[in-house]
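Visitor: Quick one: this structure, given as structure tokens, is what I'll be asking you about.
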Amino acid sequence: METESLKKFIFRFIESRQQLKLEAFDKETEKRLAATRDEDSVALEVQLLQQRRHLEKKYDIRTWLTDAAARAGQISLVTHAVKYFHGDAKGSSIYSTVKVADPAYLSTATLHSPAVDAVGNSAVLDVAKLLQTEHEGDSLLNCLKRGDHSALAALAENDTQLEQWVHGFMQALSDKTLSTHQLAKQLYFPLSDAGDYHLLSPLYSSSLAHVLHQRISHSRFSEESVAARKARRERLWHPADVRFFPDIAVQNVGGTKPQNISYLNSLRGGKNHLLRCAPPQWQQSLKPPSTTKSVFTVISPRLTRVVAEMRRYLHGVFGKGNSGEIRQNRAEYVDELIGMVFSYAAEILDLTEQQGWSADESCALKLSQQLWLDPLRQKTDADFKLQRERGDWISDVAEDFAHWLNSRLNKDDKLNMGAAEFLEWSVLMRRRLREFDSVQQEKWQ
């Protein structure tokens, strides 16, 4: 980046912080003057004016940079932070620049440009932000790392001041004495009596967690992804991919004060996503749901994760009205649930060798759900065919789904899913049932 451009960026950065402080100061000034007696107001005005001038001097460009350089040693710029294991862990965090040419595993070393985190005194995160913020593809941090001090030199009064700034800011990057801590919770597996070992639990990579969080958030909430999912529901073509992350978990780090862990953790609101890494599970042979009254009892375990996520979301937005965003997010959850229900239904319909299974006297499944899941029985059962063609079973199945979903959501005492939600779920399910059955009818012809 050109020196002049970075210099202007530093000016704007400090100026914006000054503006915020002055606005807050002026608001407080108005309140204090309004609450002061007239005979005392002149003295107070003089006092507040002096305080405002002092505040303005504090944000003089050179004054602020000198102060920031002096405070930079209270933070460390890292890629792996030890406090993710425990908020009181005192060991070293690491700034790793290791690269691998042919990576076999996803790790920090595979990232082209890993995000740099900041740990230490959370009151000094403004310095970290100045160093890390990218402007025109470059940053003050990258300039310092490659020995380019031209932007700071253009602002310094003399060489001594420049050296003071560079030395101060480099403290955030300097190697410190490496140490571990009893709360770092690292796990070693011994290989021999000679002291060799494998480190099974390395330092937490905040940089990798940040990239993962950004990509998952983009896949879920970006305008492009929302439009792609909408097109998928409406069976329309869209150029963007639709991505799902099954069985994903969210780890909350830092509680109500994520900034005490690290700068990037604060940006993520303390949320870190964990992808499922369990080995494949053995699947039992699929059988028609003939021993139960409702198919939703059978598939309920498959839907537990999504229902739990939907319940947590509704719990989180409880009392915040019924905005378009909330309705859309709620519809997304229901759409995913219905998609999983039809995935199971498709598996049952593929059991063509067992067609007519619902005709067995021992079958306990509701008639409407028999008509849905055993459609080929109509080839040999005229009465069954007649009832199926009437189409009443679609509404009945849709209401079964709505009743099941309301029951699951209402396990949260705070939620109170009632008739309005019952109607909304059943309408969505009825629409998809008609589409699903229409596609199946074409396959049978």
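Visitor: Say the dipole of the chain comes from +1 at the beta carbon of Lys and Arg and -1 at that of Asp and Glu; which of VAL78, GLY168, LEU409 then lies farthest toward its positive end?
Guide: It is LEU409, whose Cα lies furthest towards the positive end.
Visitor: If you don't mind, there's one more thing I want to ask. May I ask you to give the solvent-accessible area per residue for region 215-256, in square angstrom, as obtained with a 1.4 angstrom probe?
Guide: 75 Å²
Visitor: Hand me the trypsin sites (Lys or Arg not before Pro) from region 379-436 located in a DSSP loop with no more than 13 other Cβ atoms within 10 Å, in residue order please.
Guide: Within region 379-436, the qualifying trypsin sites (Lys or Arg not before Pro) (loop, at most 13 other Cβ atoms within 10 Å) are LYS411, LYS414.
Visitor: To continue, here is another question. Answer with a single label: of (i) 21.7; (ii) 23.5; (iii) 34.4, which was calculated as mean projected area of the Cα convex hull in nm² from the structure in view?
Guide: So the structure-derived entry is (iii).
Visitor: Once the dipole of the chain is set up with Lys and Arg at +1 and Asp and Glu at -1 on Cβ about the Cα centre, which of MET429, GLY269, GLN186 lies farthest towards its positive end?
Guide: Selected residue: MET429.
Visitor: Of ALA69, PHE13, LEU106, which is farthest on the positive side of the dipole of region 1-131, counting Cα position, with +1 on Lys and Arg Cβ, -1 on Asp and Glu Cβ, and the Cα centre as origin?
Guide: In region 1-131, that residue is LEU106.
Visitor: What is the calculated FRET efficiency for GLN47 to LYS8, with r their C-beta to C-beta distance and R₀ = 35 Å, to the nearest 0.05?
Guide: Working: r = 35 Å, r/R0 = 1.01.
E(calc), rounded to 0.05, equals 0.50.
Visitor: Express the relative contact order of region 133-235 as a whole percentage, based on alpha carbon pairs under 8 Å and six or more residues apart in sequence.
Guide: Details: 39 pairs, mean separation 10.9, N = 103.
Relative contact order, region 133-235: 11 percent.
Visitor: Please calculate the 1.4 Å probe accessible area of HIS86, with all protein chains present, and give it to the nearest 10 Å².
Guide: 60 Å²
Visitor: Could you pull out the longest piece of the chain with no exposed loop GluC sites (Glu not before Pro) in it, calling a site exposed if DSSP puts it outside H, G, I, E, B and it has at most 14 other Cβ atoms within 10 Å?
Guide: Result for the longest clean stretch: 3-133.
Visitor: Can you give me the relative contact order of region 373-441 as a percent, contacts being Cα pairs under 8 Å and 6 or more apart?
Guide: Working: 38 pairs, mean separation 21.1, N = 69.
Over region 373-441, the number comes to 31 percent.
Visitor: Hey, what angle do you get for helix 3-34 against the long axis of the chain, alpha-carbon based, 0 to 90 degrees rounded to 10?
Guide: For 3-34 against the chain, the angle is about 90 degrees.
Visitor: Could you look at the chain and say what percent of its accessible area is carbon and sulfur, using a 1.4 Å probe and all protein chains?
Guide: C and S fraction of accessible area: 51 percent.
Visitor: How big is the dipole moment of the chain about its Cα centre under a simple scheme where the beta carbon of each Lys and Arg is +1, that of each Asp and Glu is -1, and everything else is neutral? Debye, nearest 20, please.
Guide: That gives the chain a dipole magnitude of about 520 debye.
Visitor: Under the classification rounded if a/c is under 1.5, otherwise prolate if a/b is larger than b/c and oblate if not, where does region 79-168 fall, given a ≥ b ≥ c as square roots of the Cα gyration tensor eigenvalues?
Guide: Oblate.
Visitor: On the full set of protein chains, 1.4 Å probe, figure out the accessible area of VAL124 and give it in Å² to the nearest 10.
Guide: The value for VAL124 is about 0 Å².
Visitor: Relative to the first principal axis of the alpha-carbon coordinates of the chain, what is the inclination of helix 223-233, with its axis defined by its Cα atoms, in degrees from 0 to 90 and to the nearest 10?
Guide: Compared with the principal axis, the helix lies near 0 degrees.
Visitor: Which value, in debye to the nearest 20, describes the size of the charge dipole of region 390-445 about its Cα centre when Lys and Arg Cβ atoms bear +1, Asp and Glu Cβ atoms bear -1, and nothing else is charged? It would help to have the intermediate numbers written out before the result.
Guide: On the way: 9 positive and 11 negative charges, 25 e Å.
With Lys and Arg at +1 and Asp and Glu at -1, about 120 debye.
Visitor: Might you tell me the accessible area per residue for region 299-427, computed with a 1.4 Å probe and given in Å²?
Guide: Spelled out: the 1.4 Å probe surface of region 299-427, per residue, equals 50 Å².
Visitor: Going through region 211-304, which trypsin sites (Lys or Arg not before Pro) have at most 13 other Cβ atoms within 10 Å and a DSSP loop state? Write out the running numbers ahead of the final one.
Guide: Details: sites: ARG215, ARG220, ARG229, LYS230, ARG232, ARG233, ARG235, ARG243, ARG268, LYS271, ARG276, LYS293, ARG302; in loops: ARG235, ARG243, ARG268, ARG276, LYS293.
In loop regions of region 211-304 (DSSP not H, G, I, E or B), the sparsely surrounded trypsin sites (Lys or Arg not before Pro) are ARG235, ARG243, ARG276, LYS293.
Visitor: Return one whole number: the accessible area per residue of region 80-187 in Å², for a 1.4 Å probe.
Guide: 55 Å²
Visitor: I would also like to ask the following. List, in order, the whole-Hz ³J(HN,Hα) value for each residue of region 308-321 obtained from phi through the Karplus relation with A = 6.51, B = -1.76, C = 1.60 and θ = phi - 60°; use x for Gly and Pro.
Guide: Per-residue couplings from phi come out as 5, 5, 5, 5, 5, 5, 4, 4, x, 9, 4, x, 9, x Hz.
Visitor: ARG62: accessible area at probe 1.4 Å, nearest 10 Å²?
Guide: Rounded to the nearest 10, that gives 80 Å².
Visitor: Could you size up the charge dipole of region 184-291 around its Cα centre, putting +1 on the beta carbon of Lys and Arg and -1 on that of Asp and Glu, and report it in debye to the nearest 20? Can you show the working numbers first?
Guide: Numbers: 14 positive and 7 negative charges, 125 e Å.
In total the dipole reaches around 600 debye.
Visitor: Just report the Cα centroid separation between region 350-382 and region 32-95, whole Å.
Guide: Cα centroid to Cα centroid, the span is 73 Å.
Visitor: SER217 to GLU353: extension gain in nm, 0.36 nm per residue of separation minus the Cα-Cα distance? Spell out each step's value before the answer.
Guide: Details: separation 136, 0.36 × 136 = 48.96 nm, distance 4.34 nm.
Result: 44.6 nm gained on full extension.
The values are calculated or read from the model by the stated rules, or taken from the named source; none is laboratory data. Since this is a predicted model, take the numbers as computed values, not measurements. Glycine gets a Cβ as well: all are built from the backbone with ideal geometry, and neighbour counts include every protein chain shown. Note: accessible area is taken over every heavy atom of the protein model, side chains too, but ligands, DNA and RNA are not part of it. Shrake-Rupley method; radii C 1.70, N 1.55, O 1.52, S 1.80 Å.
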